Amino acid sequence: MIISIAQIKPFFGNLEKNIEKHLSYISLAKKNEADLIIFPEMSLTGYYLKDLVPSLAIGPDFSKINSIIEASLDIDIVVSFPERDNSFNFYISAAYLKGGRIAHIHRKVYPPINGMFDDLKDFRRGEEINVFSSKSIGCGMLICRDMWHPEAVTSLALSGAKLIIVPSAVPLRSISQTGPEIKDFIERSVRFYAEHFALYFVFVNRVGFEEGICFYGGSVAAGPSGEIVLSMSLLEEEIKFFELKEREIERRVSILPLQFEERKDLLKGRFYE
């Protein structure tokens with residue numbers, strides 16, 4: 001399975017131009033015979049929408065993105081956007097498109113509310129984390145801050161996910177002698193999750209500026225032995241590819257079958273005085 005990562009800079013608040021950009025990258029991925037292309041968090045609109053959320057939100061019929069849904073007849077697509085449900089609730093969502101339809105939608109479970117972020121002012125929390133089938137393997141999606149909560153990753157892994165996709169919009173913060181400190185933290189997390197659960201873990205971050213905030217890129221993917229299988233540049237738009245090898249998952253599980261030893265009954269601990 002060939003997976004392409006589109007590390008892009010969305011046009012802020014311009015759905016039409018972002019759809020055009022997505023279709024251009026989808027076409028490039030198809031030319032490179034990719035089976036799946038993944039875009040960052042809120043790739044269709046930009047992130048800091050505030051009072052623009054109601055006018056830019058997609059759903060509940062998703063007709064605004066019909067051209068991208070139709071493009072999934074030839075290649076699976078992960079795209080992210082503000083979503084509106086039938087009750088006029090808004091969510092930060094990511095959709096997995098395949099075969100000309102929406103196969104799965106994940107709503108961000110942990111919208112951040114610290115520092116520069118106040119997502120719960122405009123969005124509700126998602127309530128579910130589920131696994132679905134992608135190219136014959138179990139797949140799960142999280143969005144950005146979700147992956148910072150180990151229980152979210154554990155839930156997907158224990159439900160059979162062998163590919164975890166995380167569209168993100170992580171900004172640049174402190175910079176050390178080796179580069180952005182957040183980049184090191186993300187890479188350590190991605191490698192740990194991939195190795196511990198014997199799966200492929202894909203973090204797809206955006207680039208560009210909004211409201212004076214810099215999104216640094218640095219998308220990364222790790223394989224089931226904790227090895228980095230894809231690493232992308234800082235601050236630059238680009239597309240890269242890697243191969244998901246099911247045999248590598250099988251080999252790692254056979255060496256260290258931790259998933260078969262997990263005790264779900266111990267997930268709820270106790271505190272004793």
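The values are calculated or read from the model by the stated rules, or taken from the named source; none is laboratory data. Here the structure is a predicted model, which is why all the values come from computation and not from measurement. Every residue, glycine among them, receives a Cβ derived from its backbone with ideal geometry; neighbour counts consider all protein chains shown.
Quick check on Ala221: is it within 14 Å of the chain's Cα centre (by Cα), buried (at least 22 other Cβ atoms within 10 Å of the Cβ) and more than 30 Å from Asp51 (Cβ to Cβ)?
So Ala221 fits the description; yes.
Could you check region 6-81 for helices (runs of 4 or more DSSP H) lying wholly inside it with 2 or more residues that are under 27 Å from Ile113 (Cα atoms)?
Passing ranges, in order: 15-31, 53-56.
Considering every residue within region 171-188, establish whether at least one is modelled with pLDDT of 95 or more and either part of a loop (DSSP other than H, G, I, E, B) or loosely packed, with under 15 Cβ neighbours inside 10 Å (or both).
Yes.
Looking at Leu230, Leu244, Leu234, can you tell me which residue is among the aliphatic types (A, V, I, L, M), under 30 Å from Pro180 (Cβ atoms), modelled with pLDDT of 75 or more and in contact with a Pro (Cβ under 9 Å, 6 or more places away or on another chain)?
That would be Leu234, the only listed residue that is among the aliphatic types (A, V, I, L, M), under 30 Å from Pro180 (Cβ atoms), modelled with pLDDT of 75 or more and in contact with a Pro (Cβ under 9 Å, 6 or more places away or on another chain).
For the subset of region 109-137 comprising residues that are in a strand (DSSP E or B) and over 15 Å from the mean Cα position of the chain (by Cα), which member is nearest to Phe192 (Cα to Cα)?
Residue satisfying both the conditions and the ranking: Ile137.
Would you mind stating whether Cys139 is more than 22 Å from Ser4 (Cα to Cα), touching a strand residue (DSSP E or B) at 6+ places or on another chain (Cβ under 9 Å) and in contact (Cβ under 8 Å) with a residue 40 or more places away in the chain?
When the stated conditions are applied, Cys139 does not pass them.
Can you tell me which residues in region 109-136 are crowded, with 17+ Cβ neighbours inside 10 Å and in contact (Cβ under 8 Å) with a residue 60 or more places away in the chain?
Once the filter is applied, which keeps residues that are crowded, with 17+ Cβ neighbours inside 10 Å and in contact (Cβ under 8 Å) with a residue 60 or more places away in the chain, region 109-136 yields Asp122, Phe123, Ser134.
What are the residue pairs meeting all of these: first residue in region 189-201, first residue on the phi > 0 side of the Ramachandran plot, second residue of a type in the set (A, V, I, L, M), Cβ atoms under 8 Å, and 6 or more apart or on different chains?
Ala198/Ile249; Ala198/Val253; Ala198/Leu256; Ala198/Leu258
Condition first: out of contact with any Gly (no Cβ under 7 Å at 6 or more places or on another chain) and of a type in the set (Ser, Thr, Tyr). Now tell me which residues in region 181-234 satisfy that.
Within region 181-234, Ser189, Tyr193, Tyr216, Ser219, Ser225, Ser231 meet the criteria.
When you check Ser254 against the structure, is it at pLDDT below 95, in a loop (DSSP other than H, G, I, E, B) and not aromatic (Phe, Trp, Tyr), yes or no?
Judged against the criteria, Ser254 is not a match.
For the condition touching a Ser or Thr at 6+ places or on another chain (Cβ under 8 Å) and crowded, with 16+ Cβ neighbours inside 10 Å, what is the one hit in Leu230, Leu199?
Among Leu230, Leu199, only Leu230 is touching a Ser or Thr at 6+ places or on another chain (Cβ under 8 Å) and crowded, with 16+ Cβ neighbours inside 10 Å.
Restricting the search to region 206-215, which residues are on the phi > 0 side of the Ramachandran plot and part of a loop (DSSP other than H, G, I, E, B)?
Within region 206-215, Glu211, Gly212 meet the criteria.
Can you pull out the residues in region 77-103 that are farther than 19 Å from Ile5 by Cα, hydroxyl-bearing (Ser, Thr, Tyr) and surrounded by 14 or more Cβ atoms within 10 Å (Cβ to Cβ)?
Tyr91
Mind counting the residues in region 216-233 that are without any contact (Cβ under 8 Å) to a residue 60 or more places away in the chain, part of a strand (DSSP E or B) and touching a Leu at 6+ places or on another chain (Cβ under 8 Å)?
2
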